[in-house]
Every structure is written in structure tokens, then in C-alpha cells.
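Here the structure is laid out as C-alpha cells; the discussion comes afterwards.
The values are calculated or read from the model by the stated rules, or taken from the named source; none is laboratory data. Keep in mind that this is a model prediction, so the values were computed, not measured. Using ideal geometry, Cβ is built from the backbone for each residue, glycine included, and neighbour counts are taken over all protein chains shown. Ligands, DNA and RNA are excluded from the accessible area calculation, which covers all protein heavy atoms including side chains. Shrake-Rupley method; radii C 1.70, N 1.55, O 1.52, S 1.80 Å.
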Amino acid sequence: MNVHTPEIDRKPSREEAEAALAVLRQWAGKSSDDEIARLDPVVGNLLPGQAYPVLNRVYPADFVADEAYKASLPDLQNGPASLIVGEKQTIQHVGISNFRLPIRYHTRDNGDLTLETSVTGTVSLEAEKKGINMSRIMRSFYAHSEKDFSFAVIEHALDDYKRDLGSFDARIQMRFSFPVKVASLRSGLMGWQYYDIALELVEAAGVRKKIMHLDYVYSSTCPCSLELSEHARMTRGQLATPHSQRSVARISVELVGAACLWFEDLIDLAREGVPTETQVMVKREDEQAFAELNAANPIFVEDAARSFCKALKADRRVGDFRVVASHQESLHSHDAVSLLTEGETFAQESLEPRLFASLIHAG
């Protein structure tokens, strides 16, 4: 049994600490590097002119990190609650964004495609947890991307999240550019149209939802401008052209039921709602046809939102949905925008500050 006297338990004074430091420096000044290293390499920092320890500056290419060495590595991400910075508060989502890798997708018309995909993966973090191991998110995707397709990749990765990270909520999104060969209006030419699509799997309180997002680019001709142009022509013989502009709708739908809603199906629903999709291959007869198509379908931005809504509500594979539309005006210096939601999934009181500004088709 060890007996501690009050003298041993006493905290040394500052003067005693300074004296001990002076003795240690005196010893280190007369000792070799090997002697210092055997005692404690840090002692070398106490010597004048030795602000930094002498370290090896050559990359050790032959060094092998065995299991014992890896077990000794510090892990601050998964550290104790005592290391938490700021308020010990639950974080709804923390993870990674724009992690890219090739993912395989089933398609309705073109078989299986492998497309470069940007992954955003997040999990909830309880108030008493320091952090998550974000590399596990990437490893989950690599483990499943070569043997699964589309939503199956996300579902297996999300299962890994919950098992490995012990998280109760998770959200994974895969975003990609989806190619579809589209025919011109009259000439018969074919061209590739690219659609920005994202698949999202959300789990909250044990309930999973599958969501598909589509950015659909179309032309919108102003009904008011069309009528005013026709009035000028008919009453004064004055040539006038109605204004139209490139427009973007972001359509987000919850997938319900057992039947598959293919990427091409959602594109067809958007085209059914607003048929004036921008064109890829155009000859003179196609340009004239496009002008006629626009004149037959003039729409304000609220008309567009309701037209998309009508098409979506008629499809039983679509549950809750949201339509965000932006007509990037050629008449005004500002855009005309609308937002329409159906159901609770996309209902929200506050909007992201740059939501409508993100509806830009770069071409």
C-alpha cells in the first residue's frame, strides 16, 4: 500500500517549478540527443535555439501502419463530449457535399447508363456526440456503386450510415446530368438534351421517403405581350414581337407505390405540362415550328406552375410534390417566379435566400 504524505500531494509553487525547469535545461544542455530522447524528446525544445524538435523531413515510403499503430492514432472526430466546441446541441445534418464517383442507373429507353454523380450525404448528430467519421460515407458508396443501381445504391449506403454511425436520421442525394436523345419539331434531326436530375433518400423518425428532382428548361411567351403585339399588327399594321425567355422549373416529387417512375417519365410529365421545351437541333422549319408552338402556349409564371401541377396530380406514382419556376424575363430587369407545393413533404414557411437564383440553365 502506498502512503501519500500531505507534502507529496501539495502543488509545487511557481518558484519551485522554475527551479526544476532550470535544472532540466542544465541537464539537457550537457546531454546528447540520444540521452534526451530516452528521457523525453520534448526536453530538446527547452534548449536555446531549439524552438522545434529535429524531425525527419524525408517521406518514409517504406513505413507500414500495422494494426497496433493504427489503434494508437488520435481520433478527434469521434472524441468525447468534453471536446465539443460551442453549444451541446443536436445537429440535424452534418456530412459531405459534392463527393463524385460513377454510378450506374437503369433507364426506360436506353438500358443501363454509368454517369458521373455528385453525392451529398448527411446524418444527424446527437448533442453528446463530438462528430462523425465522414470517410465512412464515401466508403459506403464505393462498396455499393459497382453492384447496385440508382436508388438501391442510396438505400444500401443509408443502411450503412445507421449501422456504422449510429445515427437516427439521414439524408443522401445523388445529382447527375441525364442524357436523352430528342427529335427536332419538323426536320427530323436528333440531338442530345441533358437534364439535371437528383435522387434523394430521406429518413426521419424511422420513415423513409424517395424523392426525385428535375430541372426542366423551357421557353415562356408572355400572353400579355402576345396580345399587344397582335393588336399593333391588326390596328396599325405595325410589326411587333411578343417577348419570350428561357425559363427553368425545378420539379421535386415524392415517389409512391410499387410502379417505377422513370427519369424519362418525369421529363414527359414536365413536357406534358409545358410543351415549349428548349430545342437541341434546329433548322429553319424547326425554328418556325417553335415560334408557332410558343404562340399556341403562352404562359405567365403562375400558369406554368399550375400546368405542371395538373400533370403531376394525374400520375399515381407521384405523391407530394413541389414546383419552383423562374421566367428570366427579356422585358424586365428582374425575374418572374412562382412556387407551388402539394402535401406536407415540401411545405415550408421560409425560403432559401438564393432559391430562385439557383434556377439557372448554364447550357
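The table below gives the values:
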quantity: Estimated D of region 86-237 in µm² per second, where Rh is the Kirkwood radius over Cα pairs and Stokes-Einstein applies at 25 °C, 0.890 mPa s; calculated: 133
quantity: Acute angle (nearest 10 degrees) that the helix 301-313 long axis makes with the longest principal axis of the chain, alpha-carbon atoms; calculated: 80
quantity: Amide N of region 198-239 lying under 19 Å from the label point, which is placed 7 angstrom from the Cα of Ala362 along Cα→Cβ; calculated: 198-199, 214-218
quantity: Fully extended contour minus Cα-Cα distance, from Ala205 to Arg284, at 0.36 nm per residue; calculated: 22.8 nm
quantity: Mean separation of Cα contacts under 8 Å, 6 or more apart, over the residue count of the chain: relative contact order %; calculated: 11
quantity: Where labels lie 7 Å past Cα in the beta-carbon direction, separation of Leu239 and Trp192 in nm; calculated: 3.8
quantity: Accessible surface, 1.4 Å probe, highest first, among residues Ser333, Ser72, Ser177; calculated: Ser333, Ser72, Ser177
quantity: The chain, accessible surface, carbon-and-sulfur percent (1.4 angstrom probe); calculated: 53
quantity: Probe 1.4 Å, all protein chains present, accessible-area order of Lys88, Lys310, largest first; calculated: Lys310, Lys88
quantity: Phe168-Ala314 FRET efficiency (beta carbon distance; Förster radius 35 Å; 0.05 resolution); calculated: 0.45
quantity: 10 Å binning of all Cα-Cα separations within the chain, expressed as whole percents from 0 upward; calculated: 4, 16, 21, 18, 12, 9, 8, 6, 4, 2, 0, 0
quantity: Pairs from Lys30/Lys70; Lys130/Lys209; Lys147/Lys310; Lys88/Lys313; Lys130/Lys313; Lys129/Lys313 whose Cα-Cα separation, in the structure shown, is over 32 Å; calculated: Lys30/Lys70; Lys147/Lys310; Lys88/Lys313; Lys130/Lys313; Lys129/Lys313
quantity: Principal axis box of region 165-274, alpha-carbon based, largest edge first, Å; calculated: 73, 32, 24
quantity: Full-extension gain in nm, Glu15 to Leu331, via 0.36 nm per residue minus C-alpha separation; calculated: 105.7 nm
quantity: Accessible area of region 271-357 divided out per residue, in Å², using a probe of 1.4 angstrom; calculated: 60
quantity: Crossing angle, helix 14-29 versus the chain [Cα axis fit, 0-90 degrees, rounded to tens]; calculated: 90
quantity: Candidate lysines - alpha carbon under 21 Å from Lys283, same-chain residues fewer than 8 apart omitted; calculated: Lys181
